[in-house]
């Protein structure tokens, strides 16, 4: 089965990116970290064993932190616009728009510690089952569907809630998905997440370097 890797991303524009993080470290620093996290994610996806690579993007890349680096990194991806109102609708539409044939493996931009191997393993599971990667805060960091139409199940799932992961799992099961769980990861939402996630990143990780520089 062919697998399309789908990164759902928001342009890291100061004042619009990572607002919960920005509340304690400032708009510019939060946007810088968001850009670094997205770049690390794109690196992992680029090196993963998948057939196609798509980014569903919202926001103005021209106004983003590290705009030139992001533009260069995105040149090797098919970039599509997000569409829809709520997050669940935008995710469902992104799966539909990214799909050609085969499965879609979706990841966000809040887990810079993700590796190409982890994504390759997730893609391999899609040969026999759907996949879901839980996040420590109760949400999820990855969703892989053999039939991307099942992403419509997300329309009724409350997003950014402590029960989002469980509710997503229940909704997918009700729609007929057969789920293999991926390793749990911690995502970056608050200042308290920065050091813990940075320690899990490679020494050359842009996110890790940015966190270290912020602390100096």
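We did not get these values from a lab; they are worked out from the coordinates using the rules stated. No experiment lies behind these values; they were computed from the predicted model shown. For neighbour counting, all protein chains shown are included, and Cβ atoms are generated from backbone atoms with ideal geometry for every residue, glycine included.
Taken over the stretch 1-58, the criterion of being in a helix (DSSP H, G or I), more than 30 Å from residue 130 (Cα to Cα) and without any contact (Cβ under 8 Å) to a residue 60 or more places away in the chain is satisfied by 19, 22, 23, 27, 28, 30, 31.
Filtering 35, 47, 75, 103 for residues that are surrounded by 14 or more Cβ atoms within 10 Å (Cβ to Cβ) and over 13 Å from residue 3 (Cα atoms) leaves a single hit, 35. The residue that is surrounded by the fewest Cβ atoms within 10 Å (Cβ to Cβ), counting only those in the stretch 194-205 that are more than 16 Å from the chain's Cα centre (by Cα) and within 13 Å of residue 33 (Cα to Cα), is 195. For the stretch 128-163, a residue qualifies if it is over 17 Å from the mean Cα position of the chain (by Cα) and closer than 29 Å to residue 199 by Cα, and the qualifying residues are 162, 163. If the condition is being in a loop (DSSP other than H, G, I, E, B) and over 16 Å from the mean Cα position of the chain (by Cα), then the stretch 68-127 contributes 75, 76, 83, 84, 85, 86, 99, 100, 101, 102, 126, 127. Considering 122, 149, the condition of being farther than 15 Å from residue 187 by Cα and loosely packed, with under 15 Cβ neighbours inside 10 Å is satisfied by 149 alone.
The condition of being within 19 Å of residue 54 (Cβ to Cβ) and either in contact with a helix residue (DSSP H, G or I) (Cβ under 6 Å, 6 or more places away or on another chain) or buried (at least 19 other Cβ atoms within 10 Å of the Cβ) (or both) holds for only one of 111, 168, 164, that being 111. Within the stretch 152-161, being surrounded by 13 or more Cβ atoms within 10 Å (Cβ to Cβ) and not in a loop (DSSP other than H, G, I, E, B) holds for 152, 153, 154, 155. When the criteria are applied in full, residue 185 meets the requirement of being more than 21 Å from residue 98 (Cβ to Cβ) and surrounded by 14 or more Cβ atoms within 10 Å (Cβ to Cβ).
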